[in-house]
Every structure is written in C-alpha cells, then in structure tokens.
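The values are calculated or read from the model by the stated rules, or taken from the named source; none is laboratory data. Nothing here was measured: the structure is a model prediction, and the numbers come from that model. In this analysis, Cβ positions are derived from the backbone assuming ideal geometry, glycine residues included, and neighbour counts consider all displayed protein chains.
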Amino acid sequence: MDEGSAMKDVEPSKTYRLLESGPIVLVTTARDGRANVMTMGFHMVIQHGPPLIGCVIGPWDFSHAALTATGECVIAIPTVDLARTVVDIGNCSGRSIDKFARFGLTAEPARMVGAPLIRECIANLECRIADDRLAADYNLFILEVLAIRYDDAREERRYLHHNGDGTFTVDGRTLDLRERMVQWKAFQVEL
C-alpha cells in the first residue's frame, strides 16, 4: 500500500459491516397454532419478476423449524420508532416466550400465508419458499413475495440499517434522481 494512503487492512469477516443488505426486518412464522417473530438483517432482493428475496435463517433461529415445515413467512418492515423493540426481539428466543405478547405486537391475519402480519410495521411481505437448495449449506432461502400490505397512513417512514456493531443508521434525506434512471421507469411507482 502507498505510504500516503489512509487505507488500512480489515479482516474479511467484517464484510457485513460494509455491505449491509438493507433495512433490518422482522420475520414472522407460524406452526401448530404458534406464531413467532425474529429480527433479521441478512437479506437481499434477487429479482423483480417474480419478486424474489434471499434471506438467511439458520437452525439456531427458532423460526427456522417453522419456515422449513410450512414453507411460509412474512417479512415485516419496522420503522425507527420500533428500534428498541427490534433489538430486544433479536435478543431473545421464541423457544421460551411469546414475542408478540412480550413486545406488544399486534398479529393480523395474512391473505396468502399462515404467518401473521405485524400491524405496527409499515409494510408486510407475505412470502413462500421458492427455492431452498442453498439452505442446507448456507441457510439461504429464496422467498417469493406473494402479497404486500403497506400502511400508507403511517407518518413514520424511516427504516433502520444495522451497522454490524450494535449501532444503526436511520434513513434520512432522500436524493431524488428518478429523471436520470431511464432504465428503471417501470419501478418508479409510489408506495
């Protein structure tokens, strides 16, 4: 490295600190009449049509057994007003507690899947497993989004992004460059 550079070497295991995949989300599952919710940060949009999302849910997560048994979940997108709740949900296991009751979340029925929506979240994406071939080796599930419920009346719209070290970045000012995105006009639909 050049002596004038301020760059330093960082362990490759810290990749997640630089390439955060998107907002922190909550994932709901349901099995045998019992709903659960977990916090998840490792996810990505894979394609638009059909809409596919990749997410990592491993056997260490209580939700893993319900997801693999039912093939369904809901990805709920919380806003900054739920930040402490989101962290607290991630710090405990549904094996021992009812997280909906513990954190005062309202479960609402989904239209297409058995897992519940979370009323307090700005959006809920009803998903079904489209491909689980990478789950055994990498805990990576490919989910197809079947339906979306969005709370258009919600005033708080800022998402949380985990920095990988217990700190979060909150969405702020939006830079509008839609006029330059000529290849993506079809996706410029207001929510």
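Counting just the residues of segment 115-151 that are in contact with a Phe, Trp or Tyr (Cβ under 9 Å, 6 or more places away or on another chain) and surrounded by fewer than 16 Cβ atoms within 10 Å (Cβ to Cβ), which one comes out farthest from Ile77 (Cα to Cα)? Residue satisfying both the conditions and the ranking: Leu134. Given the condition more than 17 Å from Leu117 (Cα to Cα), aromatic (Phe, Trp, Tyr), in contact with a Leu (Cβ under 8 Å, 6 or more places away or on another chain) and at pLDDT 85 or above, answer yes or no: does some residue in segment 153-170 qualify? Yes, there is a match, as at least one residue in segment 153-170 is more than 17 Å from Leu117 (Cα to Cα), aromatic (Phe, Trp, Tyr), in contact with a Leu (Cβ under 8 Å, 6 or more places away or on another chain) and at pLDDT 85 or above. Name the residue that is modelled with the highest pLDDT, counting only residues in segment 22-41 that are within 27 Å of Arg84 (Cβ to Cβ) and surrounded by fewer than 17 Cβ atoms within 10 Å (Cβ to Cβ). Only one residue tops the list, namely Arg34.
Within segment 68-79, residues that are farther than 15 Å from Val37 by Cα and crowded, with 22+ Cβ neighbours inside 10 Å have Cβ atoms under 9 Å from residues that are at pLDDT 95 or above and among the hydrophobic types (A, V, I, L, M, F, W, C) in these pairs: Thr79/Cys121, counting only partners at least 6 apart in sequence or on another chain.
Say we look at segment 49-67 and pick out the residues that are among the small types (Gly, Ala, Ser) and in contact with a Ser or Thr (Cβ under 8 Å, 6 or more places away or on another chain); which of these is surrounded by the most Cβ atoms within 10 Å (Cβ to Cβ)? Per the criteria, the residue is Ala66. Does any residue of segment 11-20 turn out to be outside any helix (DSSP H, G or I), within 29 Å of Arg133 (Cβ to Cβ) and at pLDDT 95 or above? No, the conditions are met nowhere in segment 11-20.
Here Asn91 meets each of (1) more than 14 Å from Phe141 (Cβ to Cβ); (2) among the polar types (S, T, N, Q); (3) surrounded by 21 or more Cβ atoms within 10 Å (Cβ to Cβ) with one exception, condition (3). Candidates in segment 28-62 are the residues that are in a loop (DSSP other than H, G, I, E, B) and in contact (Cβ under 8 Å) with a residue 60 or more places away in the chain; of these, the one that is nearest to Asn163 (Cα to Cα) is Gly41.
Of the numbered criteria (1) at pLDDT 95 or above; (2) surrounded by fewer than 19 Cβ atoms within 10 Å (Cβ to Cβ); (3) touching a strand residue (DSSP E or B) at 6+ places or on another chain (Cβ under 7 Å), the one Val86 fails is (2).
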